[in-house]
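Remarks on the structure that follows.
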Amino acid sequence: MSDTAGNGAVLVVGGGISGLTAALEAAEVGKDVFLIEKNAYFGGRVAQLNQYFPKLCPPTCGLEINFKRIKDNRRIRTYTLTTVKSVSGVPGNFEVQLETAPRYINSNCTACGDCAQACAEEIDDAFNFGMSKTKAVYLPHEMAFPRKYVLAKEACSVASLGAIKAACKYNAVDLDMQPQTFTLKVSSIIWSTGWNPYDPTKITNLQYSSSNAIVTNMMMERLAAANGPTKGKILRPGDNKEPASFAFVQCAGSRDENHLQHCSYICCMATFKQISYIRAQYPEAKIYVFYIDLRTPGKYESFREKFMADPNTIFIKGKVADIAAERDGGVTVTAENAVTGAKVHQKVDMCVLATGMEPALGEQGKALNVVMDGNGFVVSDAAKGMLSAGCAKAAVDVYTSGQSSTAAALKAIQIGR
């Protein structure tokens, strides 16, 4: 199968907030746009947040209007569960081969949920980072776009698959779906492939796997979210204890020659934001922040000052050396205070690792000969017809992602004119 749009068509790879923005900017000035996403839904990391800067909005604030604009714009064609397999050609005349993985649910789906009720198996809910379970046929999350279920066929028994298919009165379950390969001809490509949280198990001294009391900053977002595993109540995974004390470990994997050498930019701001979540639920909880430097540039300085003045929030300048699990379910964080030289052993009920932002394109980008810098971010090169946007380009916040996506779209629409 091949698809060719008009002269100057743009391929946007990645359907998070930056990809949505780039696609809309290009389409709304008259360009044909193909928007692809490897997940089963659009929205990317922003969809998983409880709130995001600069206005501390919930994801619905920015995503719903963009989803509506995407649906209303006939120049944008969307593909989920789709990845780039190869790129050939030259700027103005690229030929891109793509593959769409089977969803096993077709466009007849109304998201009624009858299939999930008939399903016997459960799987870890990836949207909640495994902190909850979902049926093996599921809606990725309540705001998912497209609003269609996905079937994890390999997790189901033959009997369960039969029950799922029989339960659907719209004939939306297609167990014979196969991967579909197709080719697009486009003039330019915008890489908006986003980021992944750095794998905390690689930071061996932080002992992530030793205790349920140790979570990542993205897991904390899900715990605080009303549609998260605890319906917005911040509870310790495993025993659902209401924590009386918290530790935040900054630069978990960032600014480290053994892990991510770059500063992930948003982690300090995210920690102050998450302190605000804690304060809303636990006004008297003790909070300890272990940091190397605190970076809250520009307009975020005043946001930081409010929490640094909180007498129950203690800031310790020092790199964490070890986190040890305790018998009561808590953990002890060990660090050397770089100001006083004293060794700190602080026991807390829950510990949040401010894990860094790792560019998501990774090895796939190398295989496609995409130019990346030493940290794995995609280098824009309009002369080669390749642009980057959002966190594929650099570790940035949502606001800056929007700016870089608009810039990428403006450059992309001029290629192949």
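Listed here are the residues, each with its yes/no results for (1) buried (at least 23 other Cβ atoms within 10 Å of the Cβ); (2) in a loop (DSSP other than H, G, I, E, B).
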{"position": "Cys251", "(1), (2)": "yes, no"}
{"position": "Ser254", "(1), (2)": "no, yes"}
{"position": "Glu257", "(1), (2)": "no, yes"}
{"position": "Tyr265", "(1), (2)": "no, yes"}
{"position": "Cys268", "(1), (2)": "yes, no"}
{"position": "Thr271", "(1), (2)": "yes, no"}
{"position": "Ala280", "(1), (2)": "no, no"}
{"position": "Pro283", "(1), (2)": "no, yes"}
{"position": "Val289", "(1), (2)": "yes, no"}
Among Tyr198, Tyr138, Tyr170, Tyr208, the single one that is of a type in the set (Phe, Trp, Tyr), in contact with a strand residue (DSSP E or B) (Cβ under 9 Å, 6 or more places away or on another chain) and more than 27 Å from Asp397 (Cα to Cα) is Tyr138
(message) Just checking, does segment 181-192 include any residue being β-branched (Val, Ile, Thr) and over 30 Å from Glu95 (Cα atoms)?
(response) no
On the given criteria, is Arg295 without any contact (Cβ under 8 Å) to a residue 40 or more places away in the chain, surrounded by fewer than 17 Cβ atoms within 10 Å (Cβ to Cβ) and not assigned by TED's automatic domain parsing to the domain that holds Ala26? no
If we keep only residues of segment 363-405 that are assigned to a strand (DSSP E or B) and under 28 Å from Asn258 (Cβ atoms), then the residue farthest from the chain's Cα centre (by Cα) is Met372
Of the candidates Arg45, Arg74, Arg103, the one satisfying the condition of being among the charged types (D, E, K, R) and closer than 20 Å to Ile413 by Cα is Arg74
Selection from segment 45-67 of residues out of contact with any Ser or Thr (no Cβ under 8 Å at 6 or more places or on another chain) and closer than 26 Å to Pro102 by Cα yields Arg45, Val46, Ala47, Gln48, Leu63, Glu64, Phe67
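The values are calculated or read from the model by the stated rules, or taken from the named source; none is laboratory data. Everything numeric in this text was worked out from a predicted model, so none of it was measured. Neighbour counts run over all protein chains shown; Cβ positions are idealised from the backbone, glycine included.
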